[in-house]
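Here, each number is a calculation from the coordinates, and none is a lab measurement. Because the structure is predicted, anything quoted here is derived from the model rather than measured. Positions of Cβ are generated from backbone atoms using ideal geometry, with glycine treated the same way; all protein chains shown enter the neighbour counts.
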Amino acid sequence: MLRIANLDVVALSTPGADAISAALAFCGLTGSTSDGVAFSVMVLGAVTCCYTFGVFRLAHRRGVTARDLRRIAAFLGGSAIVLAAMGPPLVAYGEQLFSMHMIQHMMLIIAAAPLIAWSRPKVMFLRALPKETRANIGRSARRLRLDRFMRPLRDPILVWIAFCAGFVFWHTPGPYALAMRYESLGLLEHITFLLTSLAFWMVIFRSSMRGGPGYGAKLLFVLTAAALTDLPGALMVFAPRPLYPEHAAGVAGWGLTLMQDQEIAGLVMWIPGGLAYLLVAAWLFVAWLREAENRAVLPGARSIANVTLLLLVAPALTGCNRSRAEPIANFNGDPERGATLIQKYGCGGCHDIPNINDAEGNVGPPLSRIGNRIYIAGMLRNTPDNMLLWIREPQRIVPGNAMPQMNIPEQDARDIVAYLYTLN
Amino acid sequence: MSTVVAVSRRSLPVGSVGAHAIGWWGMVCAVLTEAALFGYLLFSYFYFAIQPRQMAFPPQLPPLWLAAPNTVILLASSVAVWQGERGARRDSRARQVIGLGVGFALGVVFVGIQLLEWHSQPFGLSSNAYGSLFFTVTGFHMAHVILGLLILLSLTIWSALGYFDRYYSAPISIGVIYWHFVDAVWLAVFFSFYITPYLGLRHGP
């Protein structure tokens, strides 16, 4: 017991700790447990009401889709977990047991935060407001250029630093002891975890189409944060001495020793925490592979081509070795007009094209049997719609390639494609 | 009939072009492996810090009067090379040379102060476990700083000779990544060796 008391002095006799305790006592910020709990419950209740109101307005305007329902469930689940983690039974246990305290942290960081981040709370909160207010907010946000101030909240590197720094800081013995001693600091500890982890998960759920990082960067983001935030857990498991002596009185009531409690706490942080990050990393990896697969057909091309593709699939299943005459029947292009257009646009300056006068260019590939080729430009699957897209927007698909952007109208390009598919 | 021939904006480039050139990927991979090395080194420090008390931990808290200003200097050098990189992107050779040059000079100052810091320690590389850890980790970091300084020096000279412009600045971006990495590693080393003892993570008297 003497050992523990000594260590307590060591942990808190650091310069600054005394000053902080004095300042807190001066400000009267040493309230009882019930104050903090009441505060968290009030804030959470208000937030949930806003969200629910937003949902009702949405339902009133355009009905609710299954995806909306999933998001609502995620938000309510996330809020319930926050309430459970910061509510009465767990708070009391968390003051007694270090392991219970770590369970609270894990509930906030890897359960509540991802659910809330995925539920897109911002959209629902804005919906809760009347239409004019929303428009006003949008206008003033633009006028004040609010996005400039919001950008750091979305910057992956800054969010990573804030998340890891907050996590590591509050788990070192000194700040942890202060958070245990002063309830307001304990609340600040949990709010830090909740806010930084919300920002952390929002980076992961932000699609790269909306300016978020790509899948590779997200994987790196998650895995490096996982390695760093697992480290305190590993140290707690391996430590041969109690690092958090504040729980000396609490663990006795549970029939545990400080060391056992600390080892359980370390495992809680290490194993479920690591598993959650690993699952997210696996999900990101699968999504990354799927994206790579989809890249063969451009998103823009796919939406135009949807109907055609449907017609293409049926014959494609019957056999691979077929001519292109069938799909082109549904394509709506005139091959004869296409042949004259090819002369008009001067395609033959660069390409060797069969049956076109003077088409003997040696810059691009020869277009003989182009109807049977597998790829266009080495990356697009050879479908009429992809060919159409390639002829109209070659610089958008492969910026900087030698094929010039000719601004060919769509019908002209359709006719050219129709001619090209006669070459099989 | 006219013949369309596509020609690049300038004469054909030599070496890596564009932001994500092969050298960029090489540097990112090098940074990742080196980061893993420092991860292991710092973990071994923390493993030492959680051991039972009175195991060769210095009795007094680490003095910050050299290390803290030195950290600011290294951070400032990162800002300087970042400005140099922006100068290259905007075709401003003066800004490019000044940014990289100031970054190099601040790096040299860092090395000087770090040598003073080493000299002022009451323990040596072989006096105890703490000394070995301290000099191994800061020594490894110093080796990386010196390599970074060589990179910055070459980039400064090449910039002054006008090797880089808006279209061809990949070497600057790649070198700057390494310097930012050296800076980030120092922040981690500084936090571990100089800050965590103040946060209660150290052996008792």
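Structure notes:
- Rel. contact order, % - alpha carbon contacts under 8 angstrom, at least six apart, chain B: 36
- Label-point separation in nm, A:R70 to A:T224, each point 7 Å along Cα→Cβ: 3.0
- Order of A:M403, A:M236, A:M379 - criterion: other Cβ atoms within 10 Å of each residue's Cβ, fewest first: A:M379, A:M403, A:M236
- The Cα center of the range B:53-81 and the Cα center of the range A:164-178 differ in position by 19 Å.
- Interchain or long-range residues, amide H under 5 Å from A:D352's placed H: A:G361, A:L367
- Altogether, the Stokes-Einstein calculation at 10 °C and 1.306 mPa s, with the Kirkwood radius of chain B over Cα pairs as Rh, returns a diffusion coefficient of 84 µm²/s.
- Peptide A:234-242 has a mean of 3 when you count, residue by residue, the C-beta atoms of other protein chains within 10 Å of its C-beta.
- Annotation: the residues A:H101, A:H247, sorted from fewest to most other C-beta atoms within 10 Å of their own C-beta, follow the order A:H247, A:H101.
- As a rough footprinting exposure proxy, the listed residues B:S192, B:S77, B:S120 were ranked by other beta carbons within 10 Å of their own, and the order from fewest upward is B:S120, B:S192, B:S77.
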